[in-house]
Amino acid sequence: MVEPRTIIEELEEALASRTIGYRAEALRRIADLFLGRATEYDEDEVALFDDVMVRLIGEMEMSVRAVLARRLADVPNAPRGLIRMLARDEAIDVAGPVLTTSERLGDETLVETASTASQAHLLAISKRAVVSEAVSDVLVTRGDRDVALSTIANRGARFSDAGHGVLVERSKDDDALAVGVFGRNDIPRQHLLRLLAVASENVRRTLETVEGQSGKVVREMLSEVADRVQASVRRLSPDYSDARRQVAELRRLGALDEAKIREFAATGRFDETTIALAEMADLPIDACERAMVQPRPELVILLAKAIGLSWNTTKTILRLRDGGAADRASESLTAFTKLRPETARKAVQFLRLRGRAGHAKGDGTPRRRPEANI
């Protein structure tokens, strides 16, 4: 292996020299050697280059580091340690190309960088071809408006349930964010409903101007009463019909119980949870959907108490509706404990009667079957 020996000799000579210019020239030559045959090196050989270049780059001026970063950013088997070092560089001219392009950066490094670095670093990460849920969670939580908009616009970005919740919250008074969130095909239905529930009037007016199918849906939503709004969203959900059939079959078999609704909620199945609540409370689905998307948790607590759910199950449902957050768990527990079951049942009876009255007026609200759990 003549080349590795040459690299070591080059390194020792460069490190012994006090001249930064000499060290920079040595780094350039070693980088040239690597890039000239990068596809031919195995991981052990790449690791050797990694060790050499990491030892040389430490005292280099920013312009030298930036040039190296640009040269290595697109190399599939670039030295991992060096790439991580460049990604953490405080100078965005150095870190930016690597953060945006390099395939050698794992989620751990990206999350660490997004959690501590500048907004310019976060913006660079938001433009990667693929952005995982773990990374996007940090971007939309810590990033400024430009970072959030860039992440939303990135079709290679994936968002967790909590991430969608953060985006909806940030979009309620921001036209551009709201349009960006609504324009994504992967936004879960419950978050779409919540966006429309919490959006300011100005944001709603903006959403009405959205072109294409999304804009048509919004205009329909905002021009109809709440029950018809939610019904139009359900019609567009490919998963809703399957969820309804599954819950109906469980009910037919006598297997729709507290354990099943807790399982639905714990596994993030919004449609199944909401439909099960509606079945167990003998309420229109619209009423239960509103309970699951409105800002405060009181109506979910009311339904849970009325149908005899435990606090553990209720808390699991609340975590689903809040995107996994538990900020108000103590407050909700107090409300759940104080609420008398008889009071809750009377309130749900009123909701049931109001829902049936709406159906009688022909607003499209479905009747529930007469068998009820309360």
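Could you state the number of Å between the C-alpha centres of the stretch 264-290 and the stretch 177-191?
21 Å
I need the calculated FRET efficiency for the pair residue 330 and residue 93, taking r as the beta carbon distance and R₀ as 51 Å, to the nearest 0.05. Kindly include the intermediate steps, with their values, before the conclusion.
Details: r = 47 Å, r/R0 = 0.92.
Given R0 = 51 Å and the Cβ-Cβ separation, E is 0.60.
Of the listed peptides 83-89, 93-99, what is their order by residue-averaged count of other C-beta atoms within 10 Å, with the highest listed first? Kindly include the intermediate steps, with their values, before the conclusion.
On the way: 83-89: 22.1, 93-99: 24.0.
The packing order, highest mean first, is 93-99, 83-89.
Tell me the label-point distance for the pair residue 337, residue 241, using the 7 Å Cα-to-Cβ offset, in nm and rounded to one decimal.
4.7 nm
Give me the one-decimal nm value for the distance between modelled label points at residue 108 and residue 202, 7 Å along each residue's Cα-to-Cβ direction.
Output for this residue pair reads 4.5 nm.
Label-point separation (nm) for residue 186 and residue 350, each offset 7 Å from Cα along Cα-to-Cβ?
Using points 7 Å along Cα→Cβ, the separation is 4.3 nm.
Would you please put 157-167, 245-255 in order of how densely packed they are, using the mean number of other Cβ atoms within 10 angstrom per residue and starting with the highest?
Numbers: 157-167: 20.9, 245-255: 13.5.
By packing density, highest mean first, the sequence is 157-167, 245-255.
Give me, ordered by chain and number, the residues 5 or more places off residue 131 or on other chains with an amide H under 5 Å from its own placed amide H.
It is 157, 158, by chain and number.
Rank-order 275-286, 186-197 by packing density, defined as the average count of other C-beta atoms within 10 Å over each peptide's residues, highest first. Before the final figure, lay out the partial values.
Details: 275-286: 24.7, 186-197: 20.5.
Packing order, densest peptide first, comes out as 275-286, 186-197.
Send over a whole-number figure in Å² for the accessible area per residue of the stretch 89-164, probe 1.4 Å. Could the numbers behind the result be given before it?
On the way: 3140 Å² over 76 residues.
Solvent-accessible surface per residue comes out at 41 Å².
Pairs 315/338; 260/305; 260/346; 172/338: which are spaced more than 22 Å apart, C-alpha to C-alpha? Write out the running numbers ahead of the final one.
On the way: 315/338 15 Å; 260/305 17 Å; 260/346 25 Å; 172/338 32 Å.
Over 22 Å Cα-Cα: 260/346; 172/338.
The values are calculated or read from the model by the stated rules, or taken from the named source; none is laboratory data. All values reported here derive from a predicted model rather than from experimental measurement. With ideal geometry, Cβ positions are generated from the backbone for all residues, glycine too; neighbour counts draw on all protein chains shown. These area figures cover heavy atoms from the full protein model, side chains too; ligands, DNA and RNA do not enter into them. Shrake-Rupley method; radii C 1.70, N 1.55, O 1.52, S 1.80 Å.
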